[in-house]
1. Could you give the radius of gyration (one decimal) and Dmax (whole number) of the Cα atoms in segment 2-54, in Å?
2. Between ILE32 and LEU13, what is 0.36 nm times their sequence separation minus the Cα-Cα distance? Round to one decimal in nm.
3. What list do you get for ILE15, ILE32 if you sort them by fewest beta carbons within 10 Å?
Amino acid sequence: MRRTAQAICLIGLAITLIGVAFKLNHLAGAHIITNVGVVVLVAGLLLWAFGLLRGKRNA
């Protein structure tokens, strides 16, 4: 049950970061850098969440 909760939190965090990235695109001058950073972070969070759901754990 704990892994499921962690995975849900990570997916929620990834979705929140996507929303922040879209908002920053209107405010920041460095659109490409902001987008690349958020895409890499979101991809990492989602891979981590799916790894937790599948039961694979890197200690």
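1. Answer for segment 2-54, Rg first and Dmax second: 12.5, 40 Å.
2. Numbers: separation 19, 0.36 × 19 = 6.84 nm, distance 2.09 nm.
Working it through step by step, the gained length comes to 4.8 nm.
3. Working: ILE15 12, ILE32 7.
Starting with the residue having the fewest Cβ neighbours, the order is ILE32, ILE15.
All of the numbers you see were taken from the coordinates with simple rules; none came from a lab. Computed from a prediction, not measured in an experiment: that's the story for all the values here. Glycine gets a Cβ as well: all are built from the backbone with ideal geometry, and neighbour counts include every protein chain shown.
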